[in-house]
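Structure first, commentary second.
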Amino acid sequence: MDSQPIFCTKCSRTRAIDEFLVNKQGKRNKTCKRHSKKRPLEIDDWENFIQVIRNWNKPNHSEILDGTYTFALDALPLDFRSLPVQKNAFLRSELNTAMRISLTLFGTKENFGSSFSYRCSQDMMSVKKYDPPVEPEKRRDGKRMERFPCESRLCMTHCLQSRTLTLSIRHKWHMPYVDIEVPQTVQDLIYERGSSKTSSEILRDVRAVPEAKDVTRQQVYYLWKKVNAEIRQPDSDPFASATMLLSEDSNSQN
């Protein structure tokens, strides 16, 4: 059995073979036991992390958000999945999605550790080429999501053995994409009056709804058109739709 001393690359001196641990490959490490001890795990404070994001998430912020944070799972607040930052900020939706998925796995005994990676939806590097099946001359010019070289990266890793959650984040600030959704109250209004009013008349009704201040004319017209299409074509088969409409018309006259 080999008992020759080994040179430690850290100490820069020769030590007895027993001073060197055997690694997974069955070979002795190049550094002695004095350097094999792991450093104590540094745990970050969740509230400090939230403050870092708040300070960074401001218009025209020139600094890059770049850092790795480790949190103790058992010390996280119960509402940690809902990050209190601006509604349309990149990190809110991306990070919350990651946390919701991960929280489901925390209670699964088979999962000792899992990692999730995400990119900003406006990152130039994450754009997938899409070739629509419609001929170029028939394509419509629609609103495109603006892209930025934001160098985004969001990696979340949880480990049940150490009971830790690690977040690695990198992102350049840019103007976030605003996705204006039609409130449910407005959708209900359009569906109720779509068959009896024109799109212009419904638009005037929608303007009177406080929650609908950001709803566009195009959105109202799209929903109005959808309602009328469902009325005029109740069946996927055109002939069946025509038969049903004629039957309804004759019944109403009788």
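Just so it is clear, none of the values below were taken in a lab; they were calculated from the coordinates. What you see is a predicted model; the values in this text were computed from it and never measured. Quick reminder, even Gly has a Cβ in these numbers, built from the backbone with ideal geometry, and neighbours come from all protein chains shown.
Which peptide among 163-173, 194-204 comes first, and what is the full order, when sorted by highest mean count of other Cβ atoms within 10 Å? Present the calculation step by step, with values, prior to reporting the outcome.
On the way: 163-173: 19.0, 194-204: 14.6.
Highest mean packing first, the order is 163-173, 194-204.
How much length, in nm to one decimal, is gained on full extension between GLU181 and THR70, taken as 0.36 nm per residue of separation minus their Cα-Cα distance? Let's see the in-between values first.
Values: separation 111, 0.36 × 111 = 39.96 nm, distance 3.49 nm.
Gain in length upon complete extension: 36.5 nm.
Separation between the PHE116 and ARG34 pseudo-spin-labels, each 7 Å from Cα along Cα→Cβ, expressed in nm?
The modelled label-to-label distance comes out at 4.5 nm.
Could you calculate the contour length gain from CYS11 to LYS197, that is, 0.36 nm times the residue separation minus the distance between their Cα atoms, to one decimal place in nm? If you can, show how the numbers build up before the last one.
Values: separation 186, 0.36 × 186 = 66.96 nm, distance 8.53 nm.
Full extension from CYS11 to LYS197 adds 58.4 nm.
Fewest to most neighbouring Cβ within 10 Å: what's the order for ASP74, ASP205, ASP188? Show your work: numbers first, answer last.
Values: ASP74 7, ASP205 16, ASP188 10.
Listed from fewest to most nearby Cβ atoms, that is ASP74, ASP188, ASP205.
Once the other residues with Cβ under 9 Å from the Cβ of GLN122 are scored (Lys, Arg +1; Asp, Glu -1), what is the net sum? Please report the intermediate quantities before stating the final value.
Numbers: positive: ARG147; negative: ASP123, GLU146.
It works out to a net charge of -1.
What is the order of TYR118, TYR191, fewest Cβ neighbours within 10 Å to most? Walk me through the numbers on the way to the answer.
Details: TYR118 19, TYR191 14.
So the residues, fewest neighbours to most, are TYR191, TYR118.
What share of Cα pairs, in percent, lie more than 14 angstrom apart in region 184-237?
47
Neighbour counts of other C-beta atoms within 10 Å: give me ASP123, ASP66 arranged from fewest to most. Mind showing how you got there, number by number?
Values: ASP123 19, ASP66 13.
The most exposed by this proxy come first: ASP66, ASP123.
Using the Karplus curve 6.51 cos²θ - 1.76 cosθ + 1.60 with θ = phi - 60°, what ³J(HN,Hα) values do you get for each residue of region 205-217, in whole Hz, with x for Gly and Pro?
5, 5, 4, 7, 8, x, 6, 9, 5, 9, 6, 8, 4
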